[in-house]
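The values are calculated or read from the model by the stated rules, or taken from the named source; none is laboratory data. The model shown is predicted, which means the values in this text are computed figures rather than measured ones. Please note: Cβ atoms are built from the backbone with ideal geometry, for glycine as well, and neighbour counts cover all protein chains shown. The accessibility values were calculated without ligands, DNA or RNA, using every heavy atom of the protein model including side chains. Shrake-Rupley method; radii C 1.70, N 1.55, O 1.52, S 1.80 Å.
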Amino acid sequence: MGLMSRTSAIVRAWYSKLLDRAEDPAVTLDYSYERQLELLQNVKKGIADVVTAKKRLELQTKKLETELPKLDEQARQALAANREDLARAALERKAFAQQQLQGLDQQIEDLEAQQEKLAASEKRLSAKVEAFRTQKETIKAQYSAAEAQVKIGEAATGIGEEMADTGLAISRAQDKTEQMQARAAAVDELVESGTLEDYTSSGTQLDRELAQVSAQNQVDADLARLKGELAASGQPKELEKETK
Amino acid sequence: MIVRVMGVGQFRLEGDAVSRLNELDDRAQEALDREDEAELDRYLDEMAALVRRDGEPLADDDLSASEAIVPPSDMTLEETKQFFSDEGLIPDIQQ
């Protein structure tokens, strides 16, 4: 037996299990229809979840992109202060952030593909649900119980397949979305701990040392500025003295 | 015959294409038996491509059942094994 027959058997077993709950044909039809509507809702929710996850990753991409020049600047400051160890640490962070950025691009693409698949699934399923609804009413109105059984079997099989297919698509998209959310949370943590502004509050020794270098540079810059200002305002006085 | 490609839709496939599809199906089964994920994906992709290329797509609102169903090619080997196991991969619908 090939994979196609095995797949058909799996799909058939899946929707038989779903429909075996009701014995009365009319009840079976209504029951199936309710599950179809639920599934449609699930696809819509699945699409919304994928879109949310994608937006989060896009936001992260932007955040990381603004992080790169900051890390460069930190490395430069550390080098100016003769702290090659700190400069190296900042550049290691930068390399890591760059890696994350590349990963993010791929993940966003994956989510986009999932979104498209789910949207196509939704379109197919909703067309079939509508066709099923019409057929359901016809069967109920026009057929004897025995004939109805056969007709119901046909309609339920056709849509049952689509339901199984859609169900699998939703579940796989959910798995992907959850994986991406988990990774996104990890990257968020990286970004938070890496920001220049947070150095004094975020706890690691490296952060504090980088903050010190940064503060030292700021102090040096301010000193130089003040000296310059003093010199500028002092010079005319000295000139005045000389002329007296 | 009507063939469904999971995640893609249903198509009507005739003649020579059907026998080529069955051949690929046998090879896909062998690849799965060998646990060769790359080969398995390749055959499943080829099957999907063949059906899409040589088949006539069914209308979205057609309720016909399929005589053959091509499983998705983007599953990992583990997922594929679970798909074909008793445990299954298609989630139940809650009542």
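Structure notes:
- Of the numbered criteria (1) in contact (Cβ under 8 Å) with a residue 60 or more places away in the chain; (2) open to solvent by 70 Å² or more (accessible area, probe 1.4 Å); (3) of a type in the set (Asp, Glu), the one residue A:58 fails is (1).
- Of A:80, A:87, all but one fail to be of a type in the set (Gly, Ala, Ser), touching a residue at least 24 places away in the same chain (Cβ under 8 Å) and either more than 14 Å from chain B (Cβ to nearest Cβ) or at positive phi (or both); the exception is A:80.
- Hits in the stretch A:113-139 - residues which are of a type in the set (D, E, K, R), free of Cβ contacts under 8 Å to residues at least 60 places away in the same chain and either out of contact with any helix residue (DSSP H, G or I) (no Cβ under 7 Å at 6 or more places or on another chain) or open to solvent by 80 Å² or more (accessible area, probe 1.4 Å) (or both): A:116, A:117, A:123, A:130, A:137
- Test: residue in the stretch A:39-46 that is more than 30 Å from residue A:210 (Cβ to Cβ), crowded, with 21+ Cβ neighbours inside 10 Å and at pLDDT below 85: no
- Checked against (1) modelled with pLDDT of 90 or more; (2) open to solvent by less than 20 Å² (accessible area, probe 1.4 Å); (3) of a type outside the set (Phe, Trp, Tyr), residue B:75 passes all but condition (1).
- Residue list for the stretch A:64-112, filter: of a type in the set (Gly, Ala, Ser), open to solvent by 30 Å² or more (accessible area, probe 1.4 Å) and part of a helix (DSSP H, G or I): A:80, A:95
- Test: residue in the stretch A:94-114 that is under 15 Å from residue B:8 (Cα atoms) and over 13 Å from the mean Cα position of the chain (by Cα): no
- Candidates are the residues of the stretch A:1-17 that are at the interface with another protein chain (Cβ under 7 Å from one of its Cβ atoms) and under 23 Å from residue B:20 (Cβ atoms); the one that is farthest from the chain's Cα centre (by Cα) is A:2.
- Elements of type strands (runs of 3 or more DSSP E) contained in the stretch B:1-79, each with 3 or more residues being within 12 Å of another protein chain (Cβ to nearest Cβ), among the hydrophobic types (A, V, I, L, M, F, W, C) and within 22 Å of residue A:166 (Cβ to Cβ): B:2-5, B:68-70
- Taking the stretch B:84-95 as the range and being at the interface with chain A (Cβ under 7 Å from one of its Cβ atoms) and out of contact with any Asp or Glu (no Cβ under 7 Å at 6 or more places or on another chain) as the test, the residues that pass are B:84, B:88, B:90, B:91.
- Here residue B:47 clears all of (1) in contact with a strand residue (DSSP E or B) (Cβ under 8 Å, 6 or more places away or on another chain); (2) at pLDDT below 95 except the condition numbered (2).
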